[in-house]
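Reading through the structure tokens given below for one structure.
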């Protein structure tokens, strides 16, 4: 929402104008309210500087409308603002950070403090509207690379609250994904600003080695992330593993054989070599999802574009028009199997959605989630009536089948990627900011559920940009 601060403030104004005075109103932010990992000075976990980072974010001119909008909601009688913990804002679980944010939103007005609530135990937030029961959870619980060890987080909070210091907190690594963001993604953003915009992630993983094969040097970061994820998974509390219906054993981290530079060089000379075999020797590897990167580099070698191997993206910008055409075609072939249809599917669930829903056994009319950045509005009809993913307020780039089929249009996409300018990405045809909101409201005899978007005036609009409406009545 910080990328659309004014729209969020307009939404808060709309909520104030459209609700009756003193009527109960819940504004629930379902994780990743602030992105501590994106701050320039951020580490993988920031217990000592989190309050300072929060105040820096609050004082940034571009982010001021977000806080102004929240203050507007909190000032209203009957309002309740709930922050569910995500995987990018874990510092919100710390008592001092909660106190600082509460002070900001309430203006230190005692009567308003109870209107701000933080849900940081990993159990989600249960609530009801009219006759509809609901559960809101961030959605990273079944994400191998980004789930949170809440048992460790609660220990840190406990020690910090009682002693002002936590030995675990000073060395804690929340997740393999968080470490990868700090160690790799944040460093790549300067030269490759599309890495946190282009979705799905598999497209980015396939595009990077072609646009700049020198990024193969980052392969060790992928290996480290997989190893850390396996180790974290293996150490999950048994109670949590049973709750999530996970197997009780996990693969042990594997050691990497040979230096990364040696592996990359060997791989470029022999692109048909199995990447798991290359990284782990004769042992079975765990990085099957790197196959896309392997295939991308294989295509690159087969097309004879080795001249970009050493110089990467910088030379790609200076290639002749004909060479760029061949280079673009290599990228096009690599991305072909990874794109989705022209109109994103919303009414059916993906594998990540199904995995998350499997952990819920209690009866709920609605389960709300996020994390994946993919909107969903699905009727389940079992112990869960509806499954709703609100997508994201972060602007994203999405590549569709028609972009791949049309060689000229893909060439335009290619030029945007190699420009190296985030403004070019955000002004391109592929950049979309959906700004989606789930609404649950009581009517006379039913409770109405809908997935809406925010237009440029801040009003809630029932139709998405493709003209589709997602709504249901809960009797």
When the Kirkwood radius is taken over all Cα pairs of segment 1-126, what Stokes-Einstein diffusion coefficient follows at 4 °C and 1.567 mPa s, in µm²/s? 87 µm²/s
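Rank the residues 3, 23 as a footprinting-exposure proxy: fewest other Cβ atoms within 10 Å of their Cβ go first. Walk me through the numbers on the way to the answer.
Numbers: 3 16, 23 11.
Lowest count first: 23, 3.
Taking the beta-carbon count within 10 Å as an exposure proxy, list 470, 368 from fewest neighbours to most. Numbers along the way, then the final one.
On the way: 470 21, 368 25.
Arranged by neighbour count, lowest to highest, 470, 368 become 470, 368.
Please work out how much length the chain gains when fully extended from residue 419 to residue 114, using 0.36 nm per residue of separation minus the C-alpha to C-alpha distance, in nm with one decimal.
Details: separation 305, 0.36 × 305 = 109.80 nm, distance 4.87 nm.
Taking 0.36 nm per residue and subtracting the Cα distance, the gain is 104.9 nm.
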Using a Förster distance of 41 Å, how high is the FRET efficiency between residue 121 and residue 340, based on the Cβ-Cβ distance and rounded to 0.05? 0.75
Per the Kirkwood treatment, what hydrodynamic radius in Å, one decimal, follows for segment 51-191 from the mean inverse distance over all distinct Cα pairs? 17.0 Å
Percent breakdown of C-alpha pair distances by 5 Å bin, ordered from the shortest bin, for segment 17-80: 4, 14, 21, 19, 16, 12, 8, 4, 2
Where labels lie 7 Å past Cα in the beta-carbon direction, separation of residue 231 and residue 159 in nm: 1.7 nm
Take residue 167 and residue 383, extend 7 Å from each Cα along the Cα→Cβ direction, and tell me the distance between the two endpoints in nm. 4.0 nm
Sorted peptide list for 457-463, 71-77, criterion being average Cβ within 10 angstrom, highest first: 71-77, 457-463
Rounded to whole angstroms and listed largest first, the alpha-carbon spread of segment 408-475 along its three principal axes comes to 55, 23, 15
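What is the gain in length, in nm to one decimal, between residue 348 and residue 412 on full extension, counting 0.36 nm per residue of separation less the C-alpha to C-alpha distance? Before the final figure, lay out each step's value.
Numbers: separation 64, 0.36 × 64 = 23.04 nm, distance 3.10 nm.
Extra length available between residue 348 and residue 412 comes to 19.9 nm.
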Most exposed first, judged by fewest Cβ atoms within 10 angstrom, 15, 454 run 15, 454
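Laboratory data are not the source of any read-out in this text; all were calculated from the coordinates shown. Source: prediction; values computed, not measured. Neighbour counts are summed over all protein chains in view; Cβ atoms, including those assigned to glycine, are modelled from backbone coordinates with ideal geometry.
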